[in-house]
Every structure is written in C-alpha cells, then in structure tokens.
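The values are calculated or read from the model by the stated rules, or taken from the named source; none is laboratory data. In this text, all values refer to a predicted model and were calculated from it rather than measured experimentally. In this analysis, Cβ positions are derived from the backbone assuming ideal geometry, glycine residues included, and neighbour counts consider all displayed protein chains. Note: areas computed on protein heavy atoms with side chains; ligands, DNA, RNA excluded. Shrake-Rupley method; radii C 1.70, N 1.55, O 1.52, S 1.80 Å.
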Amino acid sequence: MSAPRSAGDLFSLEGRTAIVTGASSGLGARFATVLAQAGATVFAAARRIDRLKELADSDARIHPVACDVALEADRTRLTETALSTTGRIDILVNNAASSGETRAEDESPDAFTDVLGVNLTAPFHLARLAAEAPSSVSPGGRSIINVSSILGLVSAAPLGGASYSASKAGLIGLTRELAGQWGRSGTRVNALAPGWFRTEMTADLFGDERSSRWVERNTLLHRGGDSHELDGALLFLASDASSYCTGQVLTVDGGWTAR
C-alpha cells in the first residue's frame, strides 16, 4: 500500500525522465513543455530538429532528439539517448501521428499501412522499449500515455479518415492489453483521447467557417479546445496522481462523445 501525499506533491515530476514523440509542434510541443515545467527531464522527439531546438531553448530540461518514429532504428536510438543521459525512462508519451487521406476511396493499401506504422506499430515498439528500461521508484510506477483520439471512439464522418481512425481505435485496444500484461511490474498504460483542438494539424478545419461551425454545433461546450486544456489530463496520467489508474481512456473533448 502507498501512503497519502500532499496535493502539490502528487503532480510533481521532479527527478523523472520523459520521452515525448511528435514534439516539434502542436499538442506534442505543449506536452513536452508541461512535463518539463512539472520538473521532468524531457527528451522531445520529432523529425524537425530545428523546431525541437527552438523548444529546447525555452527550457533547459528539454532535450531535442531528431527521430522519425516510422523507423525502428530511430525509435531504438531515442530510448538509448534517454537512458545514456539519465539512466531511466519514467514517462513515455506516444504522440507522433500521421493523418492519412480523408476519403477511404483515395487511400491505397500501402498508404493505409504507412499510417498504421506511425500511429500504432511505433507506439507499441516504443512502449516495449520503455517497459524494459529502468525507471525511478515511485508509488505510481512508470507511466505510458498513448495519445489516441475521439476518432478512435466515434466516426469522423463527414470528414473521414479510415486509416487514422483505425489506428487510433487500435491504440486504445493496445493500451488496454499492455496495461493488462504489465500491471504486475508497475507499468501503467493509459490513453488520452483529445477532441477537436486548435493545432497545426487542424488549421484547415478551424480556418474554414463551415467546418468550424460544425465543430461548435456538435460539441457540448460549443467550441474547439485550446492546447493548454489538456495540461491537467496529461499531468494526471503522467504523475502519481493517477497511481491506481491503468488501462483507461481519458477523453477530453468538450462533450463531443457525450452527444
């Protein structure tokens, strides 16, 4: 049994090592920043190293690592970089993703496979590498956070996105299975399922008046989300505040899936 802790202590990540993929922009950049602000040493990974260096300039606890998660060698090198620097991996945020084609009839089988490679196979491999690495001793154990989507729970129509939706639904299934397999070792695996947030990836959606109104009309809070509105959910899953939480999907969508 673990002893109760102060409220402020629950969310502290002091002394922890975190990896965040897809950290060069959007939600990933925000995730890396928030974890660093909570005290973690963060290895921010993405293909655009120039963007990562800009992010690292904002906080000395953020370390940029050029990484294409579609490549097995890059995934291995990413975890080895973290281990060679701090000796452990306490938090993994599998955020990198590829969106794929909107219309199923425009998406080839090869393109579908490529999206699954980035959105599903890469998170599995990184989770396995993290689970095999040393971690700090804390009541919450190691935390793996797979960034899924509400499109892993409900249809994206009329926007579409067959490979993206399939990969995000698969990520939820993977989350539950890994949570079941690794629970005894103290590794917690949860999924974060954001709704419609204003990011670089959704710039066209929110830039179009018709589609922006569609989001507002179908969201119970009648607006899209701002990236900082995921801060609390991320910190909850990453920290000891969620020490008895694993195999869960935390949906932050303004009420989209509650309709």
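Odds and ends about this structure:
- Dmax and Rg, reported as Rg then Dmax, of region 91-196 (C-alpha, Å): 14.8, 49
- Packing around the peptides 242-253, 5-16, taken as the average count of other Cβ atoms within 10 Å per residue, puts them in this order, highest first: 242-253, 5-16.
- What the phi angles of region 90-99 give under the Karplus curve with 6.51, -1.76 and 1.60, with θ = phi - 60°, is a coupling list of 9, 9, 10, 10, 7, 10, 4, 7, 10, 8 Hz, glycine and proline written as x.
- Net charge in the neighbourhood of P139 (other residues with Cβ under 15 Å of its Cβ; Lys, Arg +1, Asp, Glu -1) is 0.
- For region 60-198, the solvent-accessible area of protein heavy atoms averages 42 Å² per residue (probe radius 1.4 Å; ligands and nucleic acids excluded).
- Using bins of 5 Å that start at zero, the share of Cα-Cα pairs per bin across the chain amounts to 1, 6, 14, 18, 20, 17, 12, 7, 3, 1, 0, in whole %.
- Calculated FRET value between D9 and D204, using beta carbons and R₀ = 35 Å, to 0.05: 0.25
- Net charge over other residues, Cβ less than 14 angstrom from the Cβ of A166 (K, R count +1; D, E count -1): -2
- Backbone amide hydrogens, once placed in the peptide plane, bring V249 within less than 5 Å of A191, excluding anything fewer than 5 places away on its chain.
- The shape of region 159-259 can be summarised by an equivalent ellipsoid whose semi-axes, obtained from the alpha carbon gyration tensor, come to 29, 16, 11 Å from longest to shortest.
- Paramagnetic label reach from F124 (point 7 Å along Cα→Cβ; backbone nitrogen cut-off under 20 Å): within region 151-173, residues 152-153, 162-173.
- On the basis of the beta-carbon distance and an R0 of 25 Å, T85 and R48 show a calculated FRET efficiency of 0.75.
- Computed from backbone phi, the HN-Hα couplings of region 69-76 come to 5, 6, 9, 4, 4, 5, 5, 5 Hz, rounded to whole numbers (Karplus: 6.51 cos²θ - 1.76 cosθ + 1.60, θ = phi - 60°; Gly and Pro given as x).
- Sequence-distant residues sharing a close amide H with G225 (under 5 Å, placed H): W196, F197, R198
- Whole-Å distance, taken between Cα centres, linking region 78-154 and region 182-259: 16 Å
- Judged by the mean number of other Cβ atoms found within 10 Å, the most tightly packed of the peptides 189-195, 230-236 leads the ranking 189-195, 230-236.
- Sorted peptide list for 27-39, 106-118, 74-86, criterion being average Cβ within 10 angstrom, highest first: 27-39, 74-86, 106-118
- Near S155: Cβ cut-off under 13 Å, other residues only, Lys/Arg at +1 and Asp/Glu at -1. The net charge is +2.
- Label positions at E216 and D74, each projected 7 Å from the Cα along the C-beta direction, are separated by 3.8 nm.
- Alpha-carbon radius of gyration plus Dmax, which is the widest Cα pair, for region 68-153 in Å: 15.1, 49
- ³J(HN,Hα) computed for each position of region 226-243 - Karplus, 6.51 cos²θ - 1.76 cosθ + 1.60, integer Hz, glycine/proline x: 9, 4, 5, 6, 9, 4, x, 5, 4, 5, 4, 6, 7, 9, 6, 4, 10, 4
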